[in-house]
1. So residue 260 fits all but one of (1) more than 19 Å from residue 9 (Cβ to Cβ); (2) surrounded by fewer than 17 Cβ atoms within 10 Å (Cβ to Cβ); (3) not aromatic (Phe, Trp, Tyr); what number is the exception?
2. Could you count how many residues in the stretch 186-237 are over 15 Å from residue 249 (Cα atoms), acidic (Asp, Glu) and more than 15 Å from the ligand (Cβ to nearest atom)?
3. Out of 96, 45, report the one residue that is over 21 Å from residue 290 (Cβ atoms) and within 16 Å of the ligand (Cβ to nearest atom).
4. Report yes if some residue within the stretch 32-40 is exposed (fewer than 15 other Cβ atoms within 10 Å of the Cβ) and assigned to a loop (DSSP other than H, G, I, E, B); otherwise report no.
5. Suppose we keep only residues that are assigned to a strand (DSSP E or B) and within 12 Å of the ligand (Cβ to nearest atom) within the stretch 102-150. Which one would you say is surrounded by the most Cβ atoms within 10 Å (Cβ to Cβ)?
6. Determine whether residue 305 is among the polar types (S, T, N, Q) and either within 21 Å of residue 140 (Cα to Cα) or within 21 Å of the chain's Cα centre (by Cα) (or both).
7. Name the residue that is farthest from the ligand (Cβ to nearest atom), counting only residues in the stretch 57-79 that are out of contact with any strand residue (DSSP E or B) (no Cβ under 6 Å at 6 or more places or on another chain) and either within 26 Å of residue 291 (Cβ to Cβ) or not in a loop (DSSP other than H, G, I, E, B) (or both).
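The values are calculated or read from the model by the stated rules, or taken from the named source; none is laboratory data. All figures in this text were calculated on a predicted structure; none of them were measured in a lab. Cβ placement follows ideal geometry from the backbone for every residue including glycine, while neighbour counts extend to all protein chains displayed.
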Amino acid sequence: MNPAMHDEIAATATAVAQLPAASPNWQQDERIRFIGCGSSYFLGLTLAATLRAHGFNAAAYPAAEVLLHPPHDPWAGARVIAISRSGTTSETVAALKHTRDQGAESFAVTVADASPLADAAERSISIASAAETSVVQTRSVVAAGSWLLASLLGPQADLDAWQAHLDAHVDASQAYAHTLPTDIERVFLLGTGPLWGVAQEGALKLKESALIEAEGFEAFEFRHGPRSRVDDRTLVIGLLQPTTDTLERRILDESRNLGAQVASIGPTGVAPAGLSFQYAKAVPAAFAGLAPMTALQTYALRMAQARGLNPDEPRNLSFAVEIDLT
Ligand code: F1P
């Protein structure tokens, strides 16, 4: 029997095909602030960078930081979008309540039928088609991100085109993930803009499922210390985009010269490096921040299996983190 994580990744296109209608219609001149934990926080980072590229004032914060070290960013008048698959993560619920008390408009995005987060928010959406049993989050991230991009960017996002192509994209992503090496000790993922959050999310998948050393970096930061860890047991994956690929490609070439194996993921036309996955032009540009996710999730699943681990039972991790905040 396949692990739940496998089946959930395979059903990504189905989850996105059945999204609820996009609704909120937020405006470009509003301050959009994403909050969340773990995968949900990294999704917020990706969405915020995507929105900034479309002219929005957007940022993302880890939920605990909202409570412990409040940003110098007035909540009054901000639109706070709390992302949480479970809707029960303690820090996210508490941070949403805090920002609402301070005058923010609050919106919760979950995949749960009912949840404390939805109860605490003025408005909420539940993406039932993306409900998961796997502890490690996979298609729920892609589905929540797709719904939010469709709602925030409207027709600019071209959700129809993403939905129409996603089945083929998931197949191609899975096939590519099977070409990546598993006999290595560490993985570094590099990205800029929307792909910086994805780099961190990909590293989280590898750590959670496969217990392997994995880090995601803003690509250009990699030269400033982290590349000291590169050797012939290292895979460096570049998440590329058309505006920065030539510069990023150099970082991958340098890593290869230091002994690393290299790989790259990006749309057709980017300067490929190493084991390259150039996904089809049919993937709309607005979804570029979600496009590498399935390949990275599948790679984490494969890596777990190659290391004799059950990806559905990640060490020291529960489906949602509920703690006493008092
Ligand atoms: C987030 C979270 C992640 C964790 C794991 C389970 O939960 O706890 O931090 O890495 O993937 O989910 P949620 O708030 O999105 O439900």
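1. Condition not satisfied by residue 260: (2).
2. The number of residues fulfilling the criteria is 4.
3. 96
4. Within the stretch 32-40, none of the residues are exposed (fewer than 15 other Cβ atoms within 10 Å of the Cβ) and assigned to a loop (DSSP other than H, G, I, E, B).
5. The selected residue is 110.
6. No; evaluated as a whole, the condition is false for this residue.
7. 68
Condition check ((1) assigned to a loop (DSSP other than H, G, I, E, B); (2) among the charged types (D, E, K, R); (3) away from the ligand (no atom under 16 Å from the Cβ); (4) not assigned by TED's automatic domain parsing to the domain that holds residue 183) across all residues:
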{"residue": "246", "(1), (2), (3), (4)": "no, no, yes, no"}
{"residue": "253", "(1), (2), (3), (4)": "no, yes, yes, no"}
{"residue": "259", "(1), (2), (3), (4)": "yes, no, yes, no"}
{"residue": "266", "(1), (2), (3), (4)": "no, no, yes, no"}
{"residue": "269", "(1), (2), (3), (4)": "yes, no, yes, no"}
{"residue": "295", "(1), (2), (3), (4)": "no, no, yes, no"}
{"residue": "312", "(1), (2), (3), (4)": "yes, yes, no, yes"}
